[in-house]
2 protein chains.
Amino acid sequence: MEAMATRIERGSAVCTLINVFTVAPERQGELVKVLEEATEQVMRYLPGFVSANIHRGLDGTRVANYAQWASREHFEAMLRNPRAQEHMRAAAALVEKFEPHLYEVVSTHQRSAP
Amino acid sequence: MEAMATRIERGSAVCTLINVFTVAPERQGELVKVLEEATEQVMRYLPGFVSANIHRGLDGTRVANYAQWASREHFEAMLRNPRAQEHMRAAAALVEKFEPHLYEVVSTHQRSAP
């Protein structure tokens, strides 16, 4: 599975979703679990799903999902899927707000060679 | 350079910064340019910089930076660097708001094999 790590690349044929959730610190762990279950049980089987990467905010009040879909249309079809909606409602019920936005990668930068 | 694409991996020794900028659509292109210049001219030479990836929001009103630093301490040292501060002020002057948060990767998920 190591070879399948998400890669961030300019010009790759993916549509990127970055969704930042604001959550009470005591619910951060539960939110992570709900997002992991949603991804493993539903999202990863949907057409056009490429990857999802769940991030825990170090200050306790954020969780972020960095996800890739084959296209905007695939992402929007997911939003209409009843099973996906069920999982999204479970996540929404735990959070103060969530801010999903779609992106394309415009440039990538690596550390300068030593 | 292809082999150096940013990889999102659980347990990797990086501290992840996701910074979402909210911007007027007519300034989105300029903001991307300012962030690219800041990264190429200053950030990538700073101790602990690993990668930065600039994303253009498809709705025109967002820009996101997905960046990796060797540690939280390296990121915080960058915040105190006068040259970095100069570039961050230039970006801040263009935007409505920016929301930088630090994260660790807790889980990664790939598409189900067909």
key: Those GluC sites (Glu not before Pro) in the range B:24-99 that DSSP places in a loop and that have at most 10 other beta carbons within 10 Å   = B:96
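Which of the trypsin sites (Lys or Arg not before Pro) across the range A:63-98 are loop residues per DSSP, with 12 or fewer other Cβ within 10 Å?
Values: sites: A:72, A:80, A:83, A:89, A:97; in loops: A:80.
The qualifying sites are A:80.
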message = Please report, for residue B:22, the nm distances (one decimal) from its label point, 7 Å out from Cα along the beta-carbon direction, to the equivalent points in the remaining copies, shortest first.
response = 0.9
query = Which FRET efficiency, nearest 0.05, do residue B:33 and residue A:99 yield, Cβ-Cβ r, R0 30 Å?
reply = 0.80
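Could you grab the relative contact order for chain B? Cα pairs under 8 Å, six or more apart, rounded to a whole percent.
Values: 173 pairs, mean separation 47.8, N = 114.
Across chain B, relative contact order equals 42 percent.
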ask   = Hey, what do the phi angles of the range B:73-84 turn into as Karplus ³J(HN,Hα) couplings, whole Hz, using 6.51/-1.76/1.60 and θ = phi - 60°, x for Gly and Pro?
value = 5, 5, 4, 5, 5, 4, 4, 8, 6, x, 5, 5
task = Let me have the 222 nm mean residue ellipticity of the protein assembly as shown computed from DSSP H runs of 4+ only, each contributing -39500 (n - 2.57), with the sum over all residues rounded to the nearest 500.
result = -9000 deg cm²/dmol
remark   = With one decimal in nm and the nearest listed first, the spacings from residue B:96 to its own position in the other copies, using label points 7 Å along Cα-to-Cβ, are 1.9
inquiry  = Quick check: the distance between the Cα centres of the range A:41-114 and the range B:20-58, to the nearest angstrom?
reply    = 21
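Just so you know, all these numbers are worked out from the coordinates, no wet-lab data involved. All values reported here derive from a predicted model rather than from experimental measurement. FYI the Cβ positions are ideal-geometry reconstructions off the backbone, even for glycines, and counts take in every protein chain you see.
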